[in-house]
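Peer 1: Handing you this structure, nothing more for now.
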Amino acid sequence: MIEVNGLKKRYQDFCLDISLHVPAGTVCGIVGKNGAGKSTTIKSILGLVKPDEGEIRVLGKNIGELTVKDKEQLGTALADSGFSLELNVEDTIAVLKKMYQKFDEKFFREECGRQNIPLNKKMREFSTGMKAKVRVLTAVSHGARLLILDEPTAGLDVVARKEVIDILRDFLQKDPETSILISSHISSDLEGLCDDIYFIHDGKVILHEDTDRILGNYGVLRVSSEDFARLDKQYLLCTTKESFGFVCLTKEKMYYRENYPDIVVENCKLDDVILLMLGGK
């Protein structure tokens, strides 16, 4: 669905240098702190930012070769864009009917009702969560094969974030060949959604791994200086010095549980990877 090879975009004090691939039928996440390069990557893939180097292919074509029909197969939601806030949802429905031949008005209206989104209220009066839901519902309501979403849950509370993720899960259940590329700095939102994750920092991929492998095989060790000295370190990805000793991220937690039964090895979450990979730099 997406192939990004050697994408580079240089700014005065920042350089994005990234490659990633999103096969058909998969959900791929880009996770990193604010300013890591997530939005630049997404906007480059959409043709909104012109790269300095590299190749970008979407739906099997170079981004500049996509036809109007091709673009209708893309559903997009960007955190810093959307319909004019002076419009209401009824206005946007009229626009969407003209933009997309396969716009499903019945589905869109039903989902707005289910999400308690008013149709005749100007969107400038909407909460942050309502605006985010309208952006995501727009992306999933016209038969898209590929969703490209930039920070769709940014600024939302826990309930609203779950509701947005549930909309995406419903989208995926309709067709096993659909794909999603989604960026977020809230990595916990992606644990039950993404097949694989690209962790990026300062414009570069610091780790790419299957989500199931992270949650199943990775672990966190919190050890004293004495215990750290005797550890076999071949399966440690990074280490951070703390007041009590060391915190270590391992890609093989069972190895340490079996060979060091006196050391506690905690299960790993995506947030742990971010904190430890960046803390170890």
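The values are calculated or read from the model by the stated rules, or taken from the named source; none is laboratory data. The structure presented is a predicted model; accordingly, all values stated were derived computationally and were not measured. Methodologically, a virtual Cβ is constructed for each residue, glycine included, from the backbone with ideal geometry; neighbour enumeration extends over all protein chains shown. These accessible areas exclude ligands, DNA and RNA; they are computed on the full protein's heavy atoms, side chains included. Shrake-Rupley method; radii C 1.70, N 1.55, O 1.52, S 1.80 Å.
Peer 1: Kindly evaluate Y198 against the criterion of being aromatic (F, W, Y) and either under 25 Å from the mean Cα position of the chain (by Cα) or open to solvent by 30 Å² or more (accessible area, probe 1.4 Å) (or both).
Peer 2: yes
Peer 1: Separate question: Given E258, E252, which one is touching a residue at least 24 places away in the same chain (Cβ under 8 Å), over 30 Å from L156 (Cβ atoms) and not hydroxyl-bearing (S, T, Y)?
Peer 2: After applying the criteria, what remains is E252.
Peer 1: Mind checking which helices (runs of 4 or more DSSP H) fall wholly inside the range 144-239 and carry at least 1 residues that are among the aromatic types (F, W, Y)?
Peer 2: Correct list: 158-174, 225-230.
Peer 1: Say whether the condition of being under 20 Å from the mean Cα position of the chain (by Cα), farther than 30 Å from V4 by Cβ and without any contact (Cβ under 8 Å) to a residue 40 or more places away in the chain is met by at least one residue in the range 124-133.
Peer 2: yes
Peer 1: Let me ask something additional. Given the conditions (1) open to solvent by less than 60 Å² (accessible area, probe 1.4 Å); (2) closer than 30 Å to E105 by Cβ; (3) at pLDDT below 95, and given that S225 satisfies all but one, which numbered condition is not satisfied?
Peer 2: In the conditions (1) open to solvent by less than 60 Å² (accessible area, probe 1.4 Å); (2) closer than 30 Å to E105 by Cβ; (3) at pLDDT below 95, S225 misses (2) alone.
Peer 1: Return yes or no: is I56 open to solvent by less than 50 Å² (accessible area, probe 1.4 Å), under 27 Å from F126 (Cβ atoms) and either part of a strand (DSSP E or B) or out of contact with any Cys (no Cβ under 8 Å at 6 or more places or on another chain) (or both)?
Peer 2: Criteria not met by I56.
Here is a yes/no grid of residues against (1) open to solvent by 50 Å² or more (accessible area, probe 1.4 Å); (2) among the basic types (K, R); (3) touching a Cys at 6+ places or on another chain (Cβ under 7 Å):
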residue	(1), (2), (3)
T26	no, no, no
V31	no, no, no
E65	yes, no, no
K71	yes, yes, no
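Peer 1: Looking at (1) open to solvent by 70 Å² or more (accessible area, probe 1.4 Å); (2) touching a residue at least 60 places away in the same chain (Cβ under 8 Å); (3) of a type in the set (F, W, Y), which one does F244 not meet, given that it meets all the others?
Peer 2: For F244, the failing item is (2).
Peer 1: Right, here's the next one. If you go through the range 134-154 one residue at a time, how many are free of Cβ contacts under 8 Å to residues at least 60 places away in the same chain and within 18 Å of L85 (Cβ to Cβ)?
Peer 2: 4
Peer 1: Would a scan of the range 228-237 turn up a residue that is open to solvent by 70 Å² or more (accessible area, probe 1.4 Å), over 18 Å from H185 (Cα atoms) and not charged (D, E, K, R)?
Peer 2: yes
Peer 1: Hey, among K50, K43, K69, which residue is assigned to a loop (DSSP other than H, G, I, E, B) and within 30 Å of D196 (Cα to Cα)?
Peer 2: K50
Peer 1: Which residues, counting only those in the range 258-278, are surrounded by 15 or more Cβ atoms within 10 Å (Cβ to Cβ) and either in a helix (DSSP H, G or I) or over 25 Å from the mean Cα position of the chain (by Cα) (or both)?
Peer 2: Matches in the range 258-278: Y260, I263, V265, L270, D272, V273, I274, L275, L276, M277, L278.
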